[in-house]
Amino acid sequence: MRKSAVVPIAMDSAASTFSRSLSRFVEDVRVLALAPGSTRAVERLPDGRTALVLRVLEEGRRGDLSVSGPLTRAHFKNATGVARAVILQFKPGWSASLLGVPANELTDRIVFLEDLWGRSASDLCFELLAARTTQEVLDRLSSAIALRAREAFEPASARLARQAVRLLEAGEVRVEGVAEQLGVTARHLRRAFLETIGVGPKDFARTVRLQRAVRLASASRDWASIAADAGYYDQAHLIADFRELVGLTPGAFLRREGQRLAPTCSEGAQTHPLVPVLLPREGQRPSV
């Protein structure tokens, strides 16, 4: 197998403009290019996010437009046959309104956008594949999402969930404490999370700790300190969560041959380099 030869395209002015114009809904925009015939080992950790992904296959005129729902366990894949990909990551709490289905119907799933939007998604995919420039792709995606946003109904549960996300990512570790601050019951908060984010608040809090630990591990291997700073009870708690969510110990995860640190969830502005490899192959239906 040839080594990965991926050339990420830097966030250019087009992507930056797109991100600013829809910053209410979209958290991150990534444009990726793979060298012909190359493969890439990819890691994606649970992060409570949903992404819209356009894949252009190596032939250049074939591809697909799919939705990658929030993960409850890490995915490790090898990307092959993809020439380019554009990945839009939605902010937590917006995917249900924009996509038209409860977020927990997409959890641990990858579905074609056509299955959610019907003919309009097929037409959009055709337009994106015919686009000649990244700017044109981003403009068409921006228009499509803006149209959905104008037509979408935003339930109160989405606003509640986004408030809770901000508290959890700011450092609040107890879900019960978040519910109390927001003046709702823990059961009410869980229902709001499942409908609009796709995972429960306790599971979301675990992804926040995991992402924070991975980020901290880029500068230190003092796992006891990392555990404390990331919000774990102790090092054993960190290791147990890593085993369950990632399938590896923290050290084994970082030692993976050729691996880069998995997407991190920085507090404040967040970027998540999601990857096209998670999409279904041409002609296949999505599977978990």
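The values are calculated or read from the model by the stated rules, or taken from the named source; none is laboratory data. All figures in this text were calculated on a predicted structure; none of them were measured in a lab. So basically every Cβ, Gly included, is an ideal-geometry build from the backbone, and we count neighbours across all protein chains shown.
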- Message: Of everything in the stretch 109-149, what is over 25 Å from PRO70 (Cβ atoms), assigned to a helix (DSSP H, G or I) and among the basic types (Lys, Arg)? Give them in sequence order.
- Response: ARG119, ARG140
- Quick check: anything in the stretch 263-274 exposed (fewer than 14 other Cβ atoms within 10 Å of the Cβ), modelled with pLDDT under 90, assigned to a loop (DSSP other than H, G, I, E, B) and of a type in the set (A, V, I, L, M)? yes
- Message: Being among the β-branched types (Val, Ile, Thr), within 30 Å of CYS125 (Cα to Cα) and crowded, with 21+ Cβ neighbours inside 10 Å: is that true of THR207 here?
- Response: no
- Item | Selected residue (criterion: nearest to GLY198 (Cα to Cα)) from residues of the stretch 143-153 that are without any contact (Cβ under 8 Å) to a residue 60 or more places away in the chain and surrounded by 15 or more Cβ atoms within 10 Å (Cβ to Cβ) | ALA152
- Apart from one, (1) under 17 Å from the mean Cα position of the chain (by Cα); (2) surrounded by fewer than 21 Cβ atoms within 10 Å (Cβ to Cβ); (3) not aliphatic (A, V, I, L, M) all hold for GLY93; the odd one out is (2)
- Look through the stretch 57-85, keep the residues that are of a type in the set (A, V, I, L, M) and closer than 21 Å to ARG119 by Cβ, and return whichever of them is surrounded by the most Cβ atoms within 10 Å (Cβ to Cβ). VAL67
